[in-house]
Amino acid sequence: MPAFSLDPPQTAWCAELRTLAAERLRPLAEKGEPGHVNRPLVAELGQLGLLKRLFTSGAVDLCLMRESLAYACTEAETALALQGLGAHPVHAYGTEAQRDRWLPQVVEGSAVAAFALSEPGAGSDAAALGLRAEPEEQGERGEGGRREAAREGAGSARTPDASLAAHSDGRTRWRLTGEKCWISNAPEADFYTVFARTTPGAGARGVTAFLVPADRPGLTGTGLDMLSPHPIGALTFDAVPVTADDVLGEPDRGFRVAMGTLNLFRPSVGAFAIGMAQAALDATLVHTARRDAFGGKLKDLQTVAHQVAEMALRTEAARLMVYAAATAYDEDAPDVPKRAAMAKLLATETAQYVVDTAVQLHGARALRRGHLLEHLYREVRAPRVYEGASEVQRGIIAKELYANMEAGQ
């Protein structure tokens, strides 16, 4: 069973990341416009070499980065994580041409990536995707092709990207039709990892992953007014053309691409949550040690001291589970899906408890706009929903437990 403890170089690196986040990243984050991609912030993450580490390090390093950045600047943490989530399928499953085209720009922070899985009617149930990838026979453009031709004839500003234009006849082509929703970085990303149904009625076995540049004809999007400060939007696919050159992995095997990506990033969502929990805990320690109350300091009240102890206990327990799951991923252990689900579930639920308790112990001041805890209180809620809600994680855990029992493990 994997165990985890930080060695001195890792401890020093985490301290360095916190300093960088506070001194170089937070000022850029504060200048960003809520609900929009902060491209200077993304570029600075590239300049610092952190985006490159998304593809050269393992799950443990990813968790260390996300926890450390979240402690000092949640916006920087989220910008880093979304670059990784959107581009990891290209790194892990893409062709050499796909990787050469996009990964250098992701690493330097000049291209923004997005992971387009959720839909209005298929959020946590990823196997129920409705976005259709309809095959187009050679020499036939169909209704979608006629709409594209009409747009081109009308002088549309959108033009097919070079990979599509250079595509030779006789290869498989599809048209993507449908919607995606709750997509982080949409509609401002430069490319999307899109999951679409290529075989109707096949459930998870009939989904294909595509790399779709944002300038493809027929792809439009709108921003959604969400609690989160980073952009989240909806995408509409109106017969968007894709070819075999855009497939990530293999046709009808896109669910593997999605789950492989989520198994890596779910523990690191837990690390993000732990970074926020630790920031809330540290702020609470300072506040309760200084705040006068009932003839002494707030920390002298047993009920307060016990609450602070509980916050610390739960945070450390969740941290250990997060890094155990990340270590299991790096060691290619057989129980990664279960561990990843457990880590995300425990860490995100723990962070919600810790931040909420911190707000309670701080009182009304914590609810004032601009206060650290007011910010964390808004940020901490979403991780319990995205990349599989807490209820979905419990379902994964139970499924894995029963599967192991039936296999005699």
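Along each principal axis, taking the top coordinate minus the bottom one, the Cα set of the chain gives 84, 56, 38 Å in descending order. Here segment 223-262 and segment 28-66 have alpha carbon centers that stand 20 Å from each other. Amide H contacts for Ala111 (H built 1.01 Å from N in the peptide plane; partners 5 or more residues away or on another chain; cut-off under 5 Å): Val106.
Compute the long axis of helix 74-93 from its Cα atoms, compare it with the longest principal axis of the Cα atoms of the chain, and write down the angle in degrees, 0 to 90, nearest 10. That works out to roughly 40 degrees. Once a ≥ b ≥ c are taken as the square roots of the eigenvalues of the Cα gyration tensor of segment 256-406, is the result rounded (a/c under 1.5), prolate (a/b larger than b/c) or oblate (a/b not larger than b/c)? Prolate. Relative to the longest principal axis of the Cα atoms of the chain, the long axis of helix 302-330 lies at roughly 40 degrees.
Charges at C-beta only: +1 for Lys and Arg, -1 for Asp and Glu. How large is the resulting dipole of segment 280-396 about its Cα centre, in Debye rounded to 20?
It works out to roughly 560 debye.
The helix-only estimate of mean residue ellipticity at 222 nm for the chain, built from DSSP H runs of length n ≥ 4 each weighted as -39500 (n - 2.57), is -17500 deg cm²/dmol after division by the residue total. Using the Stokes-Einstein relation with a Kirkwood hydrodynamic radius computed over Cα pairs, the translational diffusion coefficient of segment 8-108 at 20 °C and a viscosity of 1.002 mPa s comes to 155 µm²/s. For the chain, excluding the exposed loop sites themselves (GluC sites (Glu not before Pro), DSSP loop, at most 13 other Cβ atoms within 10 Å), the longest remaining stretch covers 141-330.
Exposed loop sites are taken as trypsin sites (Lys or Arg not before Pro) in a DSSP loop (any state but H, G, I, E or B) with at most 16 other beta carbon atoms within 10 Å; the longest stretch of the chain without one runs 1-140. To the nearest ten degrees, helix 59-72 and the longest principal axis of the Cα atoms of the chain are 60 degrees apart.
How big is the C-alpha Rg of segment 195-306 next to the rule-of-thumb value 2.2 N^0.38 Å, as a ratio?
The value comes to 1.82.
None of the figures in this text is laboratory data; all of them are computed from the coordinates on show. Model, not experiment: these values are computed from the prediction. So basically every Cβ, Gly included, is an ideal-geometry build from the backbone, and we count neighbours across all protein chains shown.
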